[in-house]
Each structure stands twice: as structure tokens, then as C-alpha cells.
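Student: Would you mind keeping the following structure in view while I ask a few things?
The values are calculated or read from the model by the stated rules, or taken from the named source; none is laboratory data. Since this is a predicted model, take the numbers as computed values, not measurements. We place every Cβ from the backbone using ideal geometry, glycine too, and count neighbours over all the protein chains shown. All accessible areas refer to the heavy atoms of the entire protein, side chains included, with ligands and DNA or RNA removed. Shrake-Rupley method; radii C 1.70, N 1.55, O 1.52, S 1.80 Å.
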Amino acid sequence: MNDRMTTPWGELALTRFPEDPRDRLRAWDASDEYLLRHLAEREVPLSGTVVVVGDRWGALVTALAAHGPVQITDSWLAQEATRANLARRGVEPGTVQLGTTQDPPPERVDVLLVRVPKSLALLEDQLLRLAPAVHEGTVVVGTGMVKEIHTSTLQLFERILGPTRTSLAERKARLIFCTPEPSVARPANPWPYTYALPEGIGAVSGRTVVNHAGVFCADRLDIGTRFFLGHLPGGKGPQRVVDLGCGNGVVGTAMALANPDAEVLFVDESFQAVASAEATYKANGVPGHAEFRVGDGMAGVPAGSVDLVLNNPPFHSHQATTDATAWRMFTGARRALRPGGELWVIGNRHLGYHVKLRRLFGNSQLIAGDPKFVVLRAVKR
């Protein structure tokens, strides 16, 4: 959706990524506007190192581009949206430093702006990583919609950085104000988190899983993935397999363990997820060849080059429920598959993915199901 955001630093034309004229979701919300308005009204000094964590689609750093901020994001899509929004505003490349949650944090932070993420674990990890760079004079302001900010959110800021309070709500958005106390005794960073898988789930029984903060079900094996692991396709010999939306990589690792001749591509738009997948794969000493790629689904995978795609598509984009990501994943998989290649999908039964697969592939087979989940197979004809 193309739309314009009015800020104290001018009116901005902002889009999400990938751009889709049918997408009615905006690239910012009231919490972004609230934060920017606060910075202007309070005349917060922005001449030092300004770090923006969790900027959803680049609205904050695009507005503050003249001050050369540093963006830290877990999302490749958010990073690409930021590049496009900065270019649209005429900002020279390099003016804004685009970093990821896996990059070393800046050595000093004078203004820390935090768009509260959905994952409390990711917030914990990033605050702990940034805390050594925060000093007594650092201005720390968080922002989010009221439904995104909980008591646990405020406790996390207070435990890691210092005394914390909130603003009044405006248009269902709220700000978080934190006064840093660098001398506070901080806990050790528990991320990444490692655990052993239970027995009875095929090739990965008893194997090790490594999860960086923010990855779905980071402290345990979720029931959907466990169901999928019990119904993965067999097959031996050379195969090009894609673990699409790989998360911690346990599905692709299972395929590599079951078929050492397979070449597995792990892909996700989350930097934390791909780091987790690579760590999981390496922790298990898997033979064979693997590639780990952060990006937009199957974009960049040559057409007709893949034998098998395994996919557990998300049906949320931040707080919004949408099937746009799943549809893009299915479409990309079909393009990348060879004739006779297969897409295997795990999903909640109520999402009706079989309808989409039949529309796209002309076929859809139910491989397994229980009251909550279904495993579906579609073949490229």
C-alpha cells in the first residue's frame, strides 16, 4: 500500500516490502508517529549515535535520516523496505547504517529508540547486547501499540537498563521511558538457547536444536513441527531440498540426516532464524552440503532447480493476520520446482491451504492430519 506519513521532519511516502498495490496494510502505525512527535516536542538531542531497534518498515529511520541513525532489525523484508523508503526520500546510500540483530552493536549509544517486538525474548537479547553501549546520558524511548506493551515488557527494560515508566496512551499507542543505570547488575544473556529433541521423531530424535532469540518456539519443539517431522517424505540420492521459512532448521536438518546425498537450502527472512538453522545443522555434524540464505522466500532460487520444498508458512505479519506470505511462498515454490517436484506444507487445518494449492498446482493431497494440523503435498505437473 502506498501512503504518506506526516512527521515533524516532513511528509514521507512509505511502503512495505515487497510492494503490493493490493496490500492495505500501512508501513507505519500510531506508535511510530507518537515516538517521532515526542522526539520533536521534547527537542531530544540527535547529534550523537542514534540507534533504532525493531523499526518495522523503516518509518523511524527514514524520518530521522538527516541524523544518520543506525537501524537494527531481525527482518530482511524490513531492511529492504527501509532501503526503498530511504531512496524514495532521496537519502544517499550509507547515510543510514542498516544493521541486523546478528551484527556487533555500536560501541556507544546516545539515543536508543526501541519499537517493541512481538517476541519478549528478542527484546531481552537486544537490550542485553546493547546495554554495554548505553551510558547515564543515553535517552531511551520505546514505543508500541497498547496491546504490545505488557508488564513483562517494562520489567525487562528495568531489569536490564534501569528505572522505567510509561506514557499515557494516545490513539492506542504508548511510549516507554527508561533512565539508564550503567552500574546495574545485568543478567547473563541466555541466548542462543540449546536443547535436545525428544525421542520418537525420526531422524532428529535426541538431536540438538539451537535457537537464537525471537525464533518461533525458541525453548521447545512446537507441536506443528513435531507433527511435520513424523510425516516427512522419504527419498534417497541427490536431491535439491529447500526448507522454506526454516526457523531453527530442524526440518531441513532432519531431511539431511535421513538423506546424506541431499543438498539442503535453508531460507528465512529472519536473520535470527537463519543463524539458528546454521547452528542447529552444524551442532549435529550433518554430512552433505547445505546453504543458508536470508531473503524473501524463493526469490533468487533459479526456476526449475528444486526437487522438494518443505514449508510451514506463517499466517501473521506482526499483529496482522494475513495469507499473503503463504501465497507468496507457494507461488515461489512452484516456480522453483522441477516438473515432478513436490511442495509439502504443514498448516493449521482451518487455514484451508488445500484450496490455494489446488488453485496453483492443480492438485493437493492430504498426507496426514489430526484435529489441529494437516500435512499437504502438491506436485508440479
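Student: Could you list, in sequence order, all residues of segment 261-275 that are open to solvent by less than 10 Å² (accessible area, probe 1.4 Å) and over 14 Å from Asp296 (Cα atoms)?
Tutor: Across segment 261-275, the qualifying residues are Ala262, Val264, Gln272.
Student: Turning to a different aspect of this structure: Please name all residue pairs, on different chains or six or more residues apart, with Cβ atoms under 8 Å, provided the first residue is in segment 142-162 and is over 17 Å from Leu130 (Cβ atoms) and free of Cβ contacts under 8 Å to residues at least 40 places away in the same chain and the second residue is open to solvent by less than 50 Å² (accessible area, probe 1.4 Å) and not in a strand (DSSP E or B).
Tutor: Sorted first by the residue in segment 142-162, then by its partner, the pairs are Ile149/Val116.
Student: Still on this structure: Within segment 187-222, which residues are touching a Lys or Arg at 6+ places or on another chain (Cβ under 9 Å) and modelled with pLDDT under 90?
Tutor: none
Student: With the requirement that a residue be of a type in the set (Gly, Ala, Ser) and closer than 16 Å to Leu14 by Cα, what does segment 41-62 give you?
Tutor: The answer is Gly58, Ala59.
Student: From the residues in segment 123-163 that are open to solvent by 70 Å² or more (accessible area, probe 1.4 Å) and in a helix (DSSP H, G or I), which one is nearest to Pro192 (Cα to Cα)?
Tutor: That would be Arg129.
Student: Take the conditions of a type in the set (Gly, Ala, Ser), in contact with a strand residue (DSSP E or B) (Cβ under 7 Å, 6 or more places away or on another chain) and open to solvent by 10 Å² or more (accessible area, probe 1.4 Å) and apply them to Ser119. Does it pass?
Tutor: no
Student: Given segment 164-260, what strands (runs of 3 or more DSSP E) lie entirely inside it while holding 3 or more residues that are of a type outside the set (Gly, Ala, Ser), open to solvent by less than 30 Å² (accessible area, probe 1.4 Å) and in contact with a helix residue (DSSP H, G or I) (Cβ under 8 Å, 6 or more places away or on another chain)?
Tutor: Of the strands (runs of 3 or more DSSP E) lying wholly inside segment 164-260, those with at least 3 residues that are of a type outside the set (Gly, Ala, Ser), open to solvent by less than 30 Å² (accessible area, probe 1.4 Å) and in contact with a helix residue (DSSP H, G or I) (Cβ under 8 Å, 6 or more places away or on another chain) span 173-178, 208-211, 239-244.
Student: Quickly run through segment 82-126 and pick out the residues that are hydrophobic (A, V, I, L, M, F, W, C) and within 17 Å of the chain's Cα centre (by Cα).
Tutor: Within segment 82-126, Leu98, Val114, Val116, Leu120, Ala121, Leu122, Leu123 meet the criteria.
Student: If Ala254 meets every condition in (1) more than 20 Å from the chain's Cα centre (by Cα); (2) free of Cβ contacts under 8 Å to residues at least 24 places away in the same chain apart from one, which number is that one?
Tutor: (2)
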